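Working notes for the structure below.
The values are calculated or read from the model by the stated rules, or taken from the named source; none is laboratory data. Computed from a prediction, not measured in an experiment: that's the story for all the values here. Heads up, the Cβs are rebuilt from the backbone with ideal geometry, glycines too, and the neighbour counts pull from every protein chain shown. Note: areas computed on protein heavy atoms with side chains; ligands, DNA, RNA excluded. Shrake-Rupley method; radii C 1.70, N 1.55, O 1.52, S 1.80 Å.
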Amino acid sequence: MNNPSDYKGRIPLGANQTSYKVENINFDVHLPTRYSYENKICLTYLINIIYNIESDNIDIKAIILISVPNGKLNNIYGDSIINAGKRGYDKGGFRYVYSAKPYFATIKNSSRIRIIFVSDDIKDKVNKIIGLS
């Protein structure tokens with residue numbers, strides 16, 4: 001939990017991890033929005049593990065499953081869900097700001113974020129820790 005820029009409502013994505021592309025921002029994506037094989041849609045899910053390292057022990061605080069919008073949805077989400085990555089946009093990635101739009105725009109009352117595990121010591125504040133409150 002020493003690097004909140006990697007979990008506090010956003011998570012880094014590389015060019016090989018997403019089909020989400022915004023026209024006016026200079027970064028490349030390497031996944032298609034649909035695979036040519038049987039015209040299947042490309043889905044991207046991230047597993048975010050928040051942990052503390054204490055000497056030789058890794059203390060897992062939370063495991064979160066996050067759905068990233070497909071590139072076909074850029075007309076809905078635009079650039080509201082992206083920020084520059086650690087090395088800017090032109091270095092092959094960006095930060096997906098899942099806290100900006102935590103619900104699917106086209107599916108009513110359905111969250112893009114699923115908390116799989118949370119340790120007892122952060123249960124009461126997990127939403128704040130992951131940038132959802």
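Please calculate how many Å² of accessible area the chain carries per residue, with a 1.4 Å probe and no DNA, RNA or ligand atoms counted.
Values: 8170 Å² over 133 residues.
Using a 1.4 Å probe on heavy atoms only, each residue of the chain averages 61 Å².
Determine ³J(HN,Hα), in whole Hz, for all residues of the stretch 93-102 in sequence, where each value follows from phi through the Karplus function 6.51 cos²θ - 1.76 cosθ + 1.60 and θ = phi - 60°; x replaces Gly and Pro.
Those phi angles translate into x, 7, 9, 7, 8, 5, 6, 5, 9, x Hz.
Provide the packing ranking of 70-76, 50-56, 20-26, 96-102, i.e. peptides ordered by the mean count of other C-beta atoms within 10 Å per residue, highest first.
96-102, 70-76, 20-26, 50-56
Using helices alone, I'd like the mean residue ellipticity at 222 nm for the chain: each DSSP H run of four-plus residues gives -39500 (n - 2.57), total over residue count, nearest 500.
That calculation yields -1000 deg cm²/dmol at 222 nm.
For the chain, what relative contact order do you get, as a whole percent, if you take Cα pairs closer than 8 Å and at least 6 residues apart?
On the way: 240 pairs, mean separation 38.4, N = 133.
Relative contact order, the chain: 29 percent.
Between Leu132 and Lys21, 0.36 nm times their residue separation minus their Cα-Cα distance comes to what?
Contour length minus Cα-Cα distance gives 37.6 nm.
In whole percent, how big is the carbon plus sulfur part of the accessible area of the chain, probe 1.4 Å, protein atoms only?
Summing carbon and sulfur atoms, their accessible area is 48 percent of the total for the chain.
Projecting each Cα onto the charge dipole of the stretch 5-57 (Lys/Arg +1, Asp/Glu -1 at the beta carbon, about the Cα centre), which of Ile47, Asn16, Leu31 comes out farthest on the positive side?
Of Ile47, Asn16, Leu31, it is Leu31.
To the nearest 0.05, what FRET efficiency results for Asp121 and Lys101 with a Förster distance of 41 Å applied to their C-beta separation?
Values: r = 29 Å, r/R0 = 0.70.
E between Asp121 and Lys101, to the nearest 0.05, is 0.90.
Within the set Lys8/Lys108; Lys101/Lys125; Lys21/Lys123; Lys40/Lys108, which residue pairs have Cα atoms separated by over 29 Å?
Numbers: Lys8/Lys108 24 Å; Lys101/Lys125 20 Å; Lys21/Lys123 34 Å; Lys40/Lys108 23 Å.
Table pairs above 29 Å Cα-Cα are Lys21/Lys123.
Which cross-chain or sequence-distant (5 or more) residues have an amide H under 5 Å from the amide H of Thr44, H modelled 1.01 Å from N in plane?
Amide H neighbours of Thr44: Val68.
Set Lys and Arg Cβ to +1 and Asp and Glu Cβ to -1, take the dipole of the chain about its Cα centre, and tell me which of Val126, Ala62, Phe104 lies farthest positive.
Result: Phe104.
With all protein chains present and a 1.4 Å probe, how do Ile63, Ile47 order by accessible area, largest first?
So the residues, ranked largest to smallest area, are Ile47, Ile63.
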